[in-house]
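The values are calculated or read from the model by the stated rules, or taken from the named source; none is laboratory data. Predicted model only: the values in this text are computed from it and were never measured. Backbone-built Cβ (ideal geometry, glycine too); neighbour counts: all protein chains shown.
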Amino acid sequence: MSNFLNKISQAFSELTPSHRAVASYISENIDSVAFKTLEELAEDIGVSTTTVIRFAKTMGYDGFSPMQKEIQSEMRNKAALPERLNQSESIPDNEILKRTMANDIKNIELTFSALDDEKTNETVETIESGKKIYVLGMRSAFSLAHYTYSRIAQILANVHLIQGTGMFYPEEIADAGKGDVCIAYLFPRYSKTTANLISYMRKQGVKIILFTSMNHSAVNSYGDIIIPCAVRGISYKNTYAAPISVVNYLTAALVSKNMETAKKNLAKAEDILSQGYYLGL
């Protein structure tokens, strides 16, 4: 239990009924509370913003913002890899494969349940209509970005993977503007560089398709189309089975809508690869 939740637990019996409602909600939803605005939190709990502020002061803070900053700090510490490794479940060796697969299946099912035909169709149409399609992901999410690029670039010719080699991010997005699209990955611990880049691109008129974790409304504000994905792993690292599954869907849908273009692009790639790239075994 976090220090903040311990503080709530110790004070709970002395709280007023309305403050208990705030305390109970925060205890059960602390991850999402770290990213909610005061207004969103009050609405979700069913109390006034004044009640939330008074609760924060009862807990020893000057107001909602200082209380939320402490929650965010604890969430960052909790998300740090050494701490996640310390907290990761001890699993017998003969159970690791079974639990890994079961967890990935569960994440895919949770992600599927959060999507609908309207959103997925809009995502496909947005990608298809983009003048230029940028793909962005930092650190471990770069593997997702590269996977996405490798699939979509085989179908459409206007795809660019933002790599940031030598910190050359500005040069890579300098020409981004209205009519362009960016597929971005923003998962815990939420890369500030990714957030800054997509914020800039959005101001230039780029439409942002944002893959992110579930139930973090403040992070959602960085995107135009939100693809919520369950990514919690059984160990200290996120697992990306669910977002990869969504990319596989997007690939299939784009191929279906752009069959002739895909055939031409794949034929060109195959022609290049046939010039001595394979051993012929």
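Select from the stretch 23-79 the residues that are outside any helix (DSSP H, G or I) and crowded, with 18+ Cβ neighbours inside 10 Å and list them in ascending order. Within the stretch 23-79, Ala34, Phe35, Lys36, Val47, Met59 qualify. Pairs are defined by a Cβ separation below 6 Å, a sequence spacing of at least 6 or placement on different chains, a first member in the stretch 196-209 that is farther than 15 Å from Val135 by Cβ, and a second member that is part of a loop (DSSP other than H, G, I, E, B); the pairs so defined are Gln204/Ala176; Gln204/Gly177; Gly205/Gly177; Gly205/Lys178. If you check Glu95 against the conditions, is it assigned to a helix (DSSP H, G or I), among the acidic types (Asp, Glu) and assigned by TED's automatic domain parsing to the domain that holds Gly179? No: the conditions fail for Glu95.
For the subset of the stretch 235-254 comprising residues that are surrounded by fewer than 17 Cβ atoms within 10 Å (Cβ to Cβ) and not hydroxyl-bearing (Ser, Thr, Tyr), which member is farthest from Ser140 (Cα to Cα)? Looking at residues that are surrounded by fewer than 17 Cβ atoms within 10 Å (Cβ to Cβ) and not hydroxyl-bearing (Ser, Thr, Tyr), I get Ala252. Pairing each residue of the stretch 36-63 that is under 21 Å from Lys7 (Cα atoms) and in the same structural domain as Phe12 (by TED's automatic domain parsing) with any residue that is among the aromatic types (Phe, Trp, Tyr) and surrounded by 16 or more Cβ atoms within 10 Å (Cβ to Cβ), provided the two are 6+ apart or on different chains, yields C-beta distances under 7 Å for Leu38/Phe64; Ile45/Tyr25; Val52/Phe64; Ile53/Phe64; Ala56/Phe64. For the stretch 2-43, a residue qualifies if it is of a type in the set (A, V, I, L, M) and within 15 Å of Arg54 (Cα to Cα), and the qualifying residues are Ile8, Ala11, Leu15, Ala21, Val22, Ala23, Ile26, Leu38, Leu41, Ala42. Of all residues in the stretch 207-231, those satisfying the criterion of being out of contact with any Pro (no Cβ under 9 Å at 6 or more places or on another chain), of a type in the set (Ser, Thr, Tyr) and either assigned to a loop (DSSP other than H, G, I, E, B) or surrounded by 17 or more Cβ atoms within 10 Å (Cβ to Cβ) (or both) are Ser221, Tyr222. For Asn265, the requirement of being modelled with pLDDT under 85, closer than 21 Å to Leu156 by Cα and not in a strand (DSSP E or B) is met. For the list (1) β-branched (Val, Ile, Thr); (2) touching a strand residue (DSSP E or B) at 6+ places or on another chain (Cβ under 7 Å); (3) part of a helix (DSSP H, G or I), I need the number of the one condition that Ile105 fails. Ile105 satisfies all of (1) β-branched (Val, Ile, Thr); (2) touching a strand residue (DSSP E or B) at 6+ places or on another chain (Cβ under 7 Å); (3) part of a helix (DSSP H, G or I) except (2).
Scanning the stretch 178-197 for residues that are over 21 Å from Ser32 (Cβ atoms) and surrounded by 15 or more Cβ atoms within 10 Å (Cβ to Cβ) returns Asp180, Val181, Cys182, Ile183, Leu197. Scanning the stretch 168-208 for residues that are at pLDDT below 95 and of a type in the set (Asp, Glu) gives Glu171, Glu172, Asp175.
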